[in-house]
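Here is the structure we will look at.
The values are calculated or read from the model by the stated rules, or taken from the named source; none is laboratory data. Quick caveat: nothing in here was measured; it's all calculated off a predicted structure. Backbone-built Cβ (ideal geometry, glycine too); neighbour counts: all protein chains shown. Note: areas computed on protein heavy atoms with side chains; ligands, DNA, RNA excluded. Shrake-Rupley method; radii C 1.70, N 1.55, O 1.52, S 1.80 Å.
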Amino acid sequence: MPGPAFALHIGGSTYVTVEGEVLFSLPEGVPAYPLPDGFRVEPSRLAAAIKTMADPNIAVEDLLAEWVAAGETPEATKALFKAIEVATIIGGVLLSVSQPVALVAAVIAGIVISAFAGDEDDEGYNAATTNSLNVLKAHATIAEADTLLGMRAEIQGRLEDLLGKRSDLETHKPTGAARLNLFKDMRDIVDSLSVPLVRIRDEDWMSAYNPDAYKARVGLSPVLAHYRNDGTLESVPPQPPSLATFDYRIGVPMLLYTGLTFPAMLRMAIPWFRSTGSFRERLRLMARAIDGFVLKMQAESLSWTQHTAQSLFNHEVFPHALYFGSSFGMGSGQGVGLTRTYPVGAFDLSRYSDSYIFQRYAAAMTSGDTGALGTFDYTWEPPASLTDAVGRLVDHQQGAVAANDQARDDYAQSLVTSGAMHLLLASATLRHLSAPPTESETVRGRADSGRTPVADSPATAESPLIFPNRKVTADATLRTYKASARVRLSTQEPGHEPALRYRVLLRTIDSKYGAEGWRSDGYMGRVWRSELEPIPEDDQNKRLRTDYATGFVLDEVLLYEGVSPASATVRESPQPPILKAHTFDWYVPVVAPWTTELQELPPWAIYSDAGVAGSRSMHLTEAESMVSGVASQVVRAQAQPVLTMRSYGQLTYSALAPSTSVLDEIGIALQDVDTASAERRHVRLEDVTLDWSLYWQDGLLEVKLTGRPTDRSCQVYVVVEEAVQSGENGPEKWLHTPIAAELVNQTMLVPGSFFKEEGEAISAARSLWYELIDRFSEVAEVGPLDPIAEAMSRAGTILAESSSTSSLASAIELQFEAVRQQRPEVWAQVMRQHDAASQA
């Protein structure tokens, strides 16, 4: 399963993925985006709140219950989950980023992202939608609310136009100029979004404030606190000093809708927009506006109770909030010490109006007192350890500590239920999409190999030297071929602006390990790697870093440089190039037909990765395979007929001609052996000669290679390098897309008895090693810095880097040599016993 595209770093070692999953370590290669400067959060509490309120692994019905318990109406919450289906299609398919609950939706006072459209089949959904529109229109004092709705409608209208163009593209599949014109129309639609995007991005979201509608918080003001933008705490005044105040409730769905729809439209109209960087600054400006909005939410809208021993005592004398103390009355003091509950939690200064509280009281009177109003609990009870037999608080100091601890948990939950975390994840999404890709958005490809047998000749198969001093040999057959490989790739279609520049090359790389082993790793990650790193002067945004280790390249030939050609382009090697390459013998196990000896071949066969197939030994144990990351795959018991070309996949073997028949110049004779169960042996540096040809038309690139029967087999990479934006003002970076092409010039057909005997020799060496270690443990204890322990660790490293049979033999030899050098007396004793047992 692929890992997350990116994560939001919420502090310490805690991260939230775009899917809403909390991680406590970041997977390798996953970029993390920091919170905006000034945003204050306790990572552990926020992580707990996200896992409760938005964990993608929790069933929808359970999340629904949590959101309702946090103060949302069932109707609005159901509307939220209904909206997720549509939002995930837009976000997941078009952005290539999965976006469930934690990102694409927020419910604030019945307003949801999808609340601008109805569903005739769902009465509850229609009710929530109608209520949302009414709330929006009722906020007439918000700066030009009707204009905002109009701007949102402009975006929606353009989205629908774009979806129509996209549908034409997929349905009619136009080519040439017609296809380019459709993409141009889609680009024009996206460009026309500038005005509504800027209008929504720069809105201040101010609303008239009526102190009479928020009397419930007057008595609470002395114990309520919120963060200033500079991070310091400030008490909440009974009422704001002006007639207007920041109201986040409409801004959250508007910014989420805009912030997620815009890049979705970009993905449709310009699939490689990250590569060109054309909309980089617009995406970052939108992210910056969302960050500023969230900081304002924290500074002006979200608060929590900060109790002291005195404030708890004062509440016992006379409850501070007019409506807090009991859900069935306005509440008043009944004598010192008689009040046993206290107002504790996070208090939403925009949302918890008198009307909201009265509605919650009405619900409580119907269904019973539930205590909490969203994230605020007006009947919080101290822990039993701090109260007497009748429930009165006896330790006010510790009571304040417990109350404040609960309030901080509730505050973290309010960051989720208010939509603040949704917005921060949306901001991180925009920043991630403004960064360059770490792999090509336009180049995809695959390789096919083919060969025609030329001649068979006798040969000898040889194993590496296996401890203590054994080399297995067997008569084998060397089969030579006229070998070819064809690499087919897609690139950007010609005619698009800006056009991406490409370089197409042949490369051979250092694949030899040790004496004659084949490396387990291929091109990506060793020869070339890429990652996103923070821009030094702007750590919220990323730039592309690439590392190209030219020292691992043995040889290369440039085939083409430039943009995708406007007309069919054909190029061929003027003369066959001679390349330095690491060649090898394909050792193919050939077992007689109808044999029953399949179980004699271990299941640790060749890993099916195109870059490193054939590097794994057939003699790995399960423990060794775990070290080297080998997949379990049974070695085929006999030479198999192979049909490489997919276009012929429906034909049966009997319907085709005998072994001398070749499907085409890239085909394979049907009765030839299959290298899928083979191993690369005797790797060495040699010169190889090949021919190449290149054909490129309409964004489809094909490179064909032809080898020589006189050369041993080798691997050649067709590498397409692509110039993309760096993520900042500066020179472009080159992305590499390597496709491994196999030139099977020769195979060694080796009898199964050879591998059986070789395996027995390796097993005997292992048995001797275990015997040696058992004896060693009787006379000494191996410490972490002991040379023998270091040798064992190094043996594991060898198998991780190359698990060829020669490397396996080298790893065994390395461990024996360490004991021989460090504890010669143990070595001599075990070897004497071993020799005596062998002679007996």
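Miscellaneous remarks
- Single residue of segment 30-70 satisfying the filter (among the acidic types (D, E) and closer than 27 Å to A289 by Cα) that is least open to solvent (accessible area, probe 1.4 Å): D55
- Subset tally (residues that are part of a helix (DSSP H, G or I), open to solvent by less than 60 Å² (accessible area, probe 1.4 Å) and modelled with pLDDT under 90) for segment 361-399: 4
- Test: residue in segment 451-465 that is farther than 17 Å from V588 by Cβ and not in a loop (DSSP other than H, G, I, E, B): no
- Residue satisfying all of: in segment 16-29; open to solvent by less than 20 Å² (accessible area, probe 1.4 Å) and modelled with pLDDT of 85 or more; nearest to E537 (Cα to Cα) among these: V16
- Segment 694-708, subset open to solvent by less than 40 Å² (accessible area, probe 1.4 Å) and over 24 Å from G522 (Cα atoms), residue modelled with the highest pLDDT: W696
Residues are listed down the side, and each one gets a yes or a no for (1) assigned to a strand (DSSP E or B); (2) open to solvent by less than 30 Å² (accessible area, probe 1.4 Å); (3) at pLDDT below 95; (4) of a type in the set (S, T, N, Q):
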| site | (1), (2), (3), (4) |
| --- | --- |
| V719 | yes, yes, no, no |
| E722 | yes, yes, no, no |
| S726 | no, yes, no, yes |
| L735 | yes, yes, no, no |
| P738 | yes, yes, no, no |
| M748 | yes, yes, yes, no |
| F754 | no, yes, yes, no |
| E757 | no, no, yes, no |
| E771 | no, no, yes, no |
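- Residues (open to solvent by less than 40 Å² (accessible area, probe 1.4 Å) and closer than 24 Å to P565 by Cα) located in segment 155-187: L169, P174, L182, F183, M186
- Test for R529: is it without any contact (Cβ under 8 Å) to a residue 24 or more places away in the chain and either under 16 Å from E722 (Cβ atoms) or open to solvent by less than 10 Å² (accessible area, probe 1.4 Å) (or both): yes
- Scoring S192 on the criteria (1) hydroxyl-bearing (S, T, Y); (2) under 30 Å from Q492 (Cβ atoms); (3) open to solvent by 60 Å² or more (accessible area, probe 1.4 Å) leaves a single failure, condition (3).
- All of (1) part of a loop (DSSP other than H, G, I, E, B); (2) over 30 Å from S463 (Cβ atoms); (3) under 29 Å from the mean Cα position of the chain (by Cα) hold for R503 with one exception: (1).
- Subset of segment 547-581 [open to solvent by 20 Å² or more (accessible area, probe 1.4 Å) and within 17 Å of G522 (Cβ to Cβ)]: D547, Y548, A549, T550, G551, F552, V553, L554, D555, E556
- Tabulated pairs, segment 444-461, first among the acidic types (D, E), second open to solvent by 30 Å² or more (accessible area, probe 1.4 Å), C-beta under 6 angstrom, 6+ apart or interchain: D448/T644; D456/T477; D456/R479
- Meets criteria (within 30 Å of P253 (Cα to Cα), of a type outside the set (D, E, K, R) and touching a residue at least 24 places away in the same chain (Cβ under 8 Å)) for A426: yes
- The lone exception for L670 - which of (1) surrounded by 15 or more Cβ atoms within 10 Å (Cβ to Cβ); (2) modelled with pLDDT of 90 or more; (3) over 25 Å from S803 (Cβ atoms) it fails: (2)
- Condition check for A795: touching a residue at least 60 places away in the same chain (Cβ under 8 Å) and either open to solvent by less than 10 Å² (accessible area, probe 1.4 Å) or hydrophobic (A, V, I, L, M, F, W, C) (or both): no
- Yes/no for H496 being modelled with pLDDT under 95, closer than 30 Å to P263 by Cα and assigned to a helix (DSSP H, G or I): no
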